[in-house]
1. Helix 90-101 versus the longest principal axis of the chain: what is the Cα-based angle in degrees, 0 to 90, to the nearest 10?
2. Report the FRET efficiency, 1/(1 + (r/R0)^6), for residue 7 and residue 98, where r is their Cβ-Cβ distance and R0 is 25 Å, rounded to 0.05.
3. To the nearest 10 degrees, how steeply does helix 39-53 sit against the main Cα axis of the chain, on a 0 to 90 scale?
4. Given 0.36 nm per residue, what is the gain on full extension from residue 165 to residue 41 after removing their alpha carbon distance, in nm?
5. Do you know the relative contact order of the chain, to the nearest whole percent, from alpha carbon pairs under 8 angstrom that are 6+ apart?
6. Extension gain residue 52-residue 71, at 0.36 nm per residue separation less the Cα-Cα distance, in nm?
7. Which entry in (1) 44, 36, 30; (2) 48, 35, 27; (3) 52, 31, 24 is this structure's computed Cα extents along the principal axes in Å?
8. Taking the number of other C-beta atoms within 10 Å as the exposure measure, put 40, 155 in order starting with the fewest.
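Nothing in this text is a laboratory measurement; each read-out follows from the coordinates by a stated rule. Just so it is clear, the model here is predicted, and its values are computed rather than measured. Cβ atoms come from the backbone with ideal geometry, glycine included; neighbour counts cover every protein chain shown.
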């Protein structure tokens, strides 16, 4: 079993599906301050905290992902989960993003994922993935989570929120990072 340095059941289910291995969120996971300057920095901070909080797991995986919007100078970036202020849920963050994007012609954006795996034997693995696209004018679809309902991948007409889990896995930033990680790790 791989422990996920998160309390998010959505990420645990998605990573388990992508890895083809059992992944469980760490029960009672206490998230450290994510004060890194990059997605990799934050993933490493979370992985180290996860390793300390999951003493029965041989492996801990941590994900730091976010949305990078060109017209917002890269925001929300590493602050994607807290974009718009503390206490907002996914729908609130999406509303905040769309409000900032009102009247903006350049809607280019990317989803970015950085994965870090740490093992008790000090083995480490790293991978990243990116999905380019644009921000839609309004949310569409009920699938996925986070910014999925407003993100339209390049060469697609639908938002990620309108795609099935399998369609999303094929193209997503997290799917790309996991496929790279699977080639480099010996689980």
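1. 40 degrees
2. Taking R0 as 25 Å, the efficiency between residue 7 and residue 98 is 0.40.
3. That works out to roughly 40 degrees.
4. Value of the extension gain: 41.9 nm.
5. 18 percent
6. Working: separation 19, 0.36 × 19 = 6.84 nm, distance 3.86 nm.
Using 0.36 nm per residue and subtracting the Cα-Cα distance, I get 3.0 nm.
7. (3)
8. 155, 40
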